[in-house]
Amino acid sequence: MKSNLYNALRLIAGLLTVMALFAQQYIPQKSLTIFPNSNFPHSIYGDPHSDGTPSAEWIDEANDIWRCNFYREDPFSCGYSLTLGSNYIKGIDLTEYDGFNIKIKVLSETQRLRIFFRNYNSTYDRGDPLTSAKFQSTVIRTNSLTQEAYVRLSEFSVAEWWINNFDVPREYAAPERNNVITFGFDFFTPGDHQIKIEKIEFVGTRIPAETFYLAILIIWMALIILEGLIRFYFIYINSKKADRKIEELQSNYKQLEIEKKEFEALSTTDTLTGVMNRAGINQFVEKLFDGDYEKTQIGLLVFDIDHFKHINDQRGHDAGDRILAGISKLITQNTRQSDVFGRWGGEEFVLVCPQTNRERLIELADKLRLVVSQHVFEPSNPLQVTMSIGATSVKKNEGFDYVFKRADMALYEAKGGGRNRVVYKTP
């Protein structure tokens, strides 16, 4: 009877799997239209020729028809661009898109068209966000644009001139599209080029095929494990009836396991604040640094309560303990579950942030600083408390001790610079 039930469940699961695999190809793609889109202003650019005539001009701006009359002796080409960020610093994230559909009418004898976009990253900023932004491009034949065409973002590469001009290290020379501030077209062959822009739409798979297949695999594994657990349960019941002594030993063993876990939890938990203590943080860090995480995407924050000794002296140690517990609660409420927060000792705390880049780390640190500084402690006798924060990121193959020392130095600078501030030290 049980065997028939298992077979029926397997058959149903198999049919559902086949249906899911068939339906996956019909899931609509996600899309982002940047043209036509009034949120993204357009413009043409190009220096006038030596005779004073324009190199770029509108033929019909209302219908987005323009020309680029590029002379062989011109030092720079002319082109058309869409502005995707109001201040050339904050643009749009295209990492979730695979490519874009483009519809252009070429009204001249132009054979090749260069498509480009620029991605802003403060690491490369040399004073002018637009010119410092990473230039990435690809070249397409215009005869492929007789109808709407699809261009993959993987076809784009970083321009050698940009790498050379900004002397970019090899590890930063890869394509980026997480903060695209401009998107456009230009020409690199002399001639009178005339273009009409009709549509630019980024598209991407809502559920990547590998993710979809992995989910199905996980579900099947869960079903197999569940079936195994059910079978094991019945075996356990039968063995329990047959041998009470084994049941007693197993019960004692489970109790010992529970007590062991409780002891481990107590040994890694700060009794005052309820968060991890130094031992707990060290255990987590050891696993994190030995794991498969991308080390350059791990951030570390070291906190210190400003003038905490003065608080203890003026308000007493009970008030100081309440403040420590209150700050721990505030920070826990304002961080992710994947972040690990703990009390390092005294009034010093540590927050480890996996999968966090420099910008997000600094933003998080400033947010936590504001949350604490704006909170009213001891409502019956209000007290404002501030924190100084040292922040840093992990370099490849770098140990935690070195990272902590750098964050601690940043904390020292924050306190020396007036307290209630965040200082980030670059690895």
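So that you can scan it fast, the table gives a plain yes or no per residue for (1) touching a helix residue (DSSP H, G or I) at 6+ places or on another chain (Cβ under 6 Å); (2) not basic (K, R):
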{"position": "F341", "(1), (2)": "yes, yes"}
{"position": "V352", "(1), (2)": "no, yes"}
{"position": "T356", "(1), (2)": "no, yes"}
{"position": "Q374", "(1), (2)": "no, yes"}
{"position": "F377", "(1), (2)": "yes, yes"}
{"position": "K396", "(1), (2)": "yes, no"}
{"position": "F400", "(1), (2)": "yes, yes"}
{"position": "D408", "(1), (2)": "no, yes"}
{"position": "A414", "(1), (2)": "no, yes"}
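Quick check, is S38 surrounded by fewer than 13 Cβ atoms within 10 Å (Cβ to Cβ), out of contact with any Lys or Arg (no Cβ under 7 Å at 6 or more places or on another chain), of a type outside the set (A, V, I, L, M, F, W, C) and assigned to a loop (DSSP other than H, G, I, E, B)?
Working: surrounded by fewer than 13 Cβ atoms within 10 Å (Cβ to Cβ): yes; out of contact with any Lys or Arg (no Cβ under 7 Å at 6 or more places or on another chain): yes; of a type outside the set (A, V, I, L, M, F, W, C): yes; assigned to a loop (DSSP other than H, G, I, E, B): yes.
So S38 passes the test.
Applying a threshold of 8 Å to beta carbon distances and a minimum spacing of six or more residues, or different chains, the list of pairs starting in the range 353-375 at a residue that is free of Cβ contacts under 8 Å to residues at least 40 places away in the same chain and at negative phi and ending at one that is assigned to a helix (DSSP H, G or I) and buried (at least 21 other Cβ atoms within 10 Å of the Cβ) is empty. Here V371 passes the criteria (1) surrounded by fewer than 20 Cβ atoms within 10 Å (Cβ to Cβ); (2) farther than 30 Å from I89 by Cα; (3) β-branched (V, I, T) except the one numbered (2). Filtering the range 225-242 down to residues that are of a type outside the set (G, A, S) and surrounded by 12 or more Cβ atoms within 10 Å (Cβ to Cβ), which residue is nearest to L82 (Cα to Cα)? Among those residues, the one meeting the criterion is E227.
Whether any residue in the range 387-397 is more than 23 Å from R322 (Cβ to Cβ) and of a type in the set (D, E, K, R) is what I want to check. Reasoning before the result, please.
Filtering the range 387-397 for residues more than 23 Å from R322 (Cβ to Cβ) gives 390-397.
From what is left, the residues that are of a type in the set (D, E, K, R) are 395-396.
Yes, because at least one residue in the range 387-397 is more than 23 Å from R322 (Cβ to Cβ) and of a type in the set (D, E, K, R).
Scanning the range 117-130 for residues that are out of contact with any helix residue (DSSP H, G or I) (no Cβ under 8 Å at 6 or more places or on another chain) and at pLDDT below 90 yields a total of 4. Pairing each residue of the range 377-390 that is closer than 16 Å to L364 by Cα with any residue that is among the aromatic types (F, W, Y), provided the two are 6+ apart or on different chains, yields C-beta distances under 6 Å for M387/F303; I389/F303.
Taking (1) among the basic types (K, R); (2) out of contact with any Lys or Arg (no Cβ under 7 Å at 6 or more places or on another chain); (3) touching a residue at least 24 places away in the same chain (Cβ under 8 Å) in turn, R336 satisfies each apart from (3).
The set of residues in the range 79-116 being of a type in the set (D, E), modelled with pLDDT of 90 or more and farther than 29 Å from D128 by Cβ consists of D98 alone. The single condition among (1) surrounded by fewer than 22 Cβ atoms within 10 Å (Cβ to Cβ); (2) within 30 Å of the chain's Cα centre (by Cα) that C353 does not meet is (1). Selection of the range 62-77 for residues being assigned to a strand (DSSP E or B) and among the basic types (K, R) yields only R67. Would you check if there is a residue in the range 340-350 being at pLDDT below 90 and in contact with a Phe, Trp or Tyr (Cβ under 9 Å, 6 or more places away or on another chain)? The answer is no, given that none of the residues of the range 340-350 is at pLDDT below 90 and in contact with a Phe, Trp or Tyr (Cβ under 9 Å, 6 or more places away or on another chain). Scan the range 384-405 and tell me whether some residue there is surrounded by fewer than 15 Cβ atoms within 10 Å (Cβ to Cβ) and of a type in the set (D, E). Looking for residues that are surrounded by fewer than 15 Cβ atoms within 10 Å (Cβ to Cβ) and of a type in the set (D, E), one finds at least one in the range 384-405, hence yes. A single member of Y80, Y88, Y97 is over 28 Å from the mean Cα position of the chain (by Cα) and either of a type in the set (F, W, Y) or not in a helix (DSSP H, G or I) (or both), and it is Y80. Taking the numbered list (1) surrounded by fewer than 18 Cβ atoms within 10 Å (Cβ to Cβ); (2) under 30 Å from Y424 (Cβ atoms) in turn, R118 passes all entries but (1). I'm checking my understanding of the structure. Among residues of the range 44-78 that are closer than 19 Å to A133 by Cα and modelled with pLDDT under 90, which one is surrounded by the fewest Cβ atoms within 10 Å (Cβ to Cβ)? The qualifying residue surrounded by the fewest Cβ atoms within 10 Å (Cβ to Cβ) is F76. Can you find, within the range 280-304, the residue that is farthest from L368 (Cα to Cα) among those that are modelled with pLDDT of 90 or more and aliphatic (A, V, I, L, M)? Only one residue fits best here, namely I281.
When the residues of the range 189-214 are narrowed to those that are of a type in the set (A, V, I, L, M, F, W, C) and surrounded by 13 or more Cβ atoms within 10 Å (Cβ to Cβ), which ends up farthest from F100 (Cα to Cα)? Don't jump to the end; show me each part of the working.
Let us first name the residues in the range 189-214 that are of a type in the set (A, V, I, L, M, F, W, C), namely 195, 197, 200, 202-203, 207, 209, 212, 214.
Next, only the ones that are surrounded by 13 or more Cβ atoms within 10 Å (Cβ to Cβ) stay: 195, 197, 200, 202-203, 212.
On the way: I195: 18, I197: 14, I200: 7, F202: 4, V203: 5, F212: 22 Å.
Looking at the filtered set, the residue picked out is F212.
For Q333, the stated conditions hold: it is of a type outside the set (D, E, K, R) and over 29 Å from Y124 (Cβ atoms).
Looking only at helices (runs of 4 or more DSSP H) that lie completely in the range 124-243, which have at least 2 residues being within 30 Å of Y71 (Cα to Cα), hydrophobic (A, V, I, L, M, F, W, C) and outside the structural domain of N357 (by TED's automatic domain parsing)?
On the way: elements: 129-132, 160-165, 209-242.
Ranges flagged: 160-165.
The values are calculated or read from the model by the stated rules, or taken from the named source; none is laboratory data. Just so it is clear, the model here is predicted, and its values are computed rather than measured. Reconstructed Cβ throughout: ideal geometry from the backbone, glycine too, with neighbour counts over all protein chains shown.
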